[in-house]
Each structure stands twice: as structure tokens, then as C-alpha cells.
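The values are calculated or read from the model by the stated rules, or taken from the named source; none is laboratory data. Computed from a predicted model, the values in this text were never measured in an experiment. Ideal geometry is used to build each Cβ from the backbone, glycine not excepted, and the neighbour counts take in all protein chains shown. Ligands, DNA and RNA are stripped out before the accessible areas are found, and what is left, the full protein with its side chains, is counted by its heavy atoms. Shrake-Rupley method; radii C 1.70, N 1.55, O 1.52, S 1.80 Å.
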Amino acid sequence: MSKFVFKWLVNGGIVIALLMYYTDATLLEAALAATGLTVIAYLIGDQLILRKTNNTVATIADFGLAMAYLYVVADYLDWNLSMGEAFFISLMLGAFEFVYHRYMLREEAY
């Protein structure tokens, strides 16, 4: 399984489940939001930031990116996502990203 697909499946599971729990998002809306976030996080967090810095910096950047992305998407789609809920989703993603980055760095085929 490719690294991107693995990231997409895990991020998607976290984001879809929590968005559907916290908001009135449909499955399709949550899945599209999760896919968009995964693509952006992969390109910016993994391909740019992680390659130029380290795991800690990339994880913090992924957390901030997720917070901003979720805030914008929730506002645009008029979801009732609070900052605390967005923080929790981003925290769960950050925890996964930290472990994912360690795996990616260990593989060195990034």
C-alpha cells in the first residue's frame, strides 16, 4: 500500500468519523473534506515541511493546517463545528501524523 493511500485511509477515518459526530455533515461532505485535507497535508506537510525540517515541526504544521482547514470548510459549509471540536480533530490528526512521519523518516524512501 502506498504511503499516501495509508495516510488517506487513516486521516479519512479520523476526520469523517469526528466530523459526522460533531457536525451535521453528510458522509459525502465529510469524505470530500477529509480527502482535501489529506492531499493538502501530504503536499505541504510531508513533501515540503518534513523534508526541510523535522518531525516535530512538520507535526505542528500539520496540526495548524488541519485547524485552519477545518475552520474554513466548516464556515463555508455552515457546519456547527466549535473551535474545541476542531482542536480535538486536529489533535487526533497530529498524533497520527507524528507516528506516520516517524515511519516515513525510518523508511527513507520518502
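Axis of helix 3-22 versus longest Cα principal axis of the chain: the two differ by about 20°, to the nearest ten degrees.
For the chain, the mean projected area of the C-alpha convex hull, equal to one quarter of the hull surface, is 6.1 nm².
With all protein chains kept in place, the per residue accessible area of the chain amounts to 56 square angstrom at a probe of 1.4 angstrom. With axes computed from alpha carbons, what is the tilt in degrees of helix 55-76 against the longest principal axis of the chain, rounded to the nearest 10 within 0 to 90? Roughly 20 degrees between the two axes. Projecting label points 7 angstrom from Cα along Cα→Cβ for Tyr71 and Leu27 puts them 3.2 nm apart.
Taking all protein chains together and rolling a 1.4 Å probe, Tyr22 ends up with roughly 50 Å² accessible. With the chain treated as a Gaussian network of Cα nodes joined by springs under 10 Å, which of Leu65, Leu27, Leu37 yields the largest mean-square fluctuation? Top of the fluctuation ranking is Leu27. For Ala61, the shell of other residues with beta-carbons less than 14 Å away shows a net charge of -1, using +1 for Lys and Arg and -1 for Asp and Glu. Placing a pseudo-label 7 Å from each Cα along the Cα-to-Cβ vector at Val10 and Asn80 gives an inter-label distance of 3.3 nm. In a DSSP loop and with at most 12 other Cβ atoms within 10 Å, the GluC sites (Glu not before Pro) in the range 24-110 are Glu108.
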